[in-house]
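Enquirer: Here's a structure for you.
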Amino acid sequence: MAVSRGRWATRVLLAVAAVAVVVIGVRLSNEDIAVLPLGAGILAACAVWWFAVDAGAAASTVRWTEPAEYPAHYTRGDPAASYLRRLCEEATSNGRRTSPTAAAALQDAVRQLVQDRLEQRPLRGLPALETLPPPLERYLRTDPAPRLRPEDLDHIVTSIEEL
């Protein structure tokens, strides 16, 4: 509830003017009055009134609008995706630092992904598959697991996505 300084200055001047009018009216009627408690009471009443007015205005004003584009926040990947990414990198490269079991581990991970996809097909309203796409079928049946070229891995991932 941000109210500008100009509005508050006007409000304080209005409260001071109200106190002055009351004091002058009481003095003209030849009565004695304590000016300080009267001023404090009027100022307190005005503050409560202004708070209620400002709260009502803030409650009725719609200030939120949906942004045109939500900001993208960096999120850490889950460990399973990191592991799979590392397996893919190691299974498609030949070097001294690559794991000798990466190709077999990737083949096991792909086999599990394919199994999960096949089990989910009826839940998504798709018919059960009789056979897998040939490149995927060939890869899953090859023993020992081959080292893949990046293009072969792309075909396998595409085949899994199409399941």
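The values are calculated or read from the model by the stated rules, or taken from the named source; none is laboratory data. Just so you know, these numbers come straight off a predicted model, no measurement behind them. Because the Cβ atoms are built from the backbone with ideal geometry, glycine has one as well, and the counts that use them run over all protein chains shown. In case anyone asks, the SASA skips ligands and DNA or RNA and just uses the protein heavy atoms, side chains included. Shrake-Rupley method; radii C 1.70, N 1.55, O 1.52, S 1.80 Å.
Enquirer: Taking the stretch 131-163 only, how many residues are closer than 10 Å to VAL114 by Cβ and touching a residue at least 40 places away in the same chain (Cβ under 8 Å)?
Expert: Selection size over the stretch 131-163: 3.
Enquirer: Looking at (1) open to solvent by 60 Å² or more (accessible area, probe 1.4 Å); (2) at pLDDT below 70; (3) over 33 Å from the mean Cα position of the chain (by Cα), which is the one condition that is false for GLU66?
Expert: Unmet condition: (3).
Enquirer: When GLY95 is evaluated against the numbered criteria (1) over 38 Å from the mean Cα position of the chain (by Cα); (2) farther than 30 Å from GLU151 by Cα; (3) at pLDDT below 75, which criterion, by number, is the only one it fails?
Expert: Result: GLY95 passes all but (2).
Enquirer: What's the number of the condition LEU87 fails, among (1) modelled with pLDDT under 70; (2) not in a loop (DSSP other than H, G, I, E, B)?
Expert: Condition not satisfied by LEU87: (1).
Enquirer: Among the numbered criteria (1) surrounded by 10 or more Cβ atoms within 10 Å (Cβ to Cβ); (2) at pLDDT below 70; (3) not assigned by the TED database to the domain that holds ALA145, which single criterion is violated by ALA44?
Expert: (2)
Enquirer: Which ones in the stretch 119-163 are farther than 22 Å from GLU90 by Cβ, surrounded by 14 or more Cβ atoms within 10 Å (Cβ to Cβ) and at pLDDT 75 or above?
Expert: Within the stretch 119-163, LEU132, PRO133 meet the criteria.
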